[in-house]
1. What does the extension gain come out to for GLU105 and PHE20, with contour length at 0.36 nm per residue minus their alpha carbon separation?
2. Could you list the chymotrypsin sites (Phe, Trp or Tyr not before Pro) in the stretch 17-56 that lie in coil according to DSSP, counting only those with at most 10 other Cβ atoms within 10 Å of their Cβ?
3. Highest GNM mean-square fluctuation, the chain, Cα pairs closer than 10 Å: which of ASN46, ASN96, ASN114?
4. Averaged over all directions, how much area does the convex hull of the C-alpha atoms of the chain cover when projected, in nm²?
5. To the nearest 500 deg cm²/dmol, what mean residue ellipticity at 222 nm is calculated for the chain from DSSP H runs of n ≥ 4 alone, each contributing -39,500 (n - 2.57), summed and divided by the residues?
6. Based on the Cα coordinates of the stretch 61-129, what is the per residue volume of their convex hull in Å³?
7. Counting only heavy atoms of the protein chains, get the accessible area per residue of the chain (1.4 Å probe) and round it to a whole Å² value.
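The values are calculated or read from the model by the stated rules, or taken from the named source; none is laboratory data. It should be emphasised that the depicted structure is a prediction, and the values quoted were computed from it without experimental measurement. When we count neighbours, we look across all protein chains shown, and the Cβ atoms used for this are built from the backbone with ideal geometry, even at glycine. The accessibility values were calculated without ligands, DNA or RNA, using every heavy atom of the protein model including side chains. Shrake-Rupley method; radii C 1.70, N 1.55, O 1.52, S 1.80 Å.
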Amino acid sequence: MSDKEGTQIDIPELKTEFLFRRRPVAIPGDLRPGWRIGLLVLLLNNCCRAGRTSLTRLHVLSWGIRTNESRRALRAALSRTFSPSSLVVRFEPFLNRAVDFAIGEGLVRRSGGNKIELTPNGRKLAEELASIETAYVVERQFIEEIQLNVTEALVNHMFPGRD
């Protein structure tokens, strides 16, 4: 190692071999496909009429439920204390991947272009998850609070000209 003038600085602690090893990267629970699929079926079952919605609305619901901050922002938009068009909604590829996995598992299906629809198997899974008291506790409380209030009209107001 050298300093600004180019002279060598002797630091014995740095005279060692570097060893690089691949380590597994922990994925936060809310980004894991299994968690996302469960949330997906709960949202479709409880926040969407007939278990069917647009992919954009699903992204808004998924974003709105993830953190305390996003829940507050979505509540404010629903109560009209905050303009829905000023929300910054994060569209996450993890949700798209969960939708793809859920389609592969027969829990949801695509319907009419960008619509996602719950299948009977998906409805059954949502009911099973709802019966487990310790599963998705915070998320189910928020789902109960918002129910069907995040409408396609609200999403259209948030993203004008999307269709």
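1. Between GLU105 and PHE20, full extension yields 26.8 nm more.
2. PHE18, PHE20
3. ASN114
4. 16.2 nm²
5. Numbers: 7 runs with 79 residues, N = 163.
Here the helix-only value at 222 nm equals -15000 deg cm²/dmol.
6. 124 Å³
7. Dividing the accessible area of the chain by its residue count gives 64 Å².
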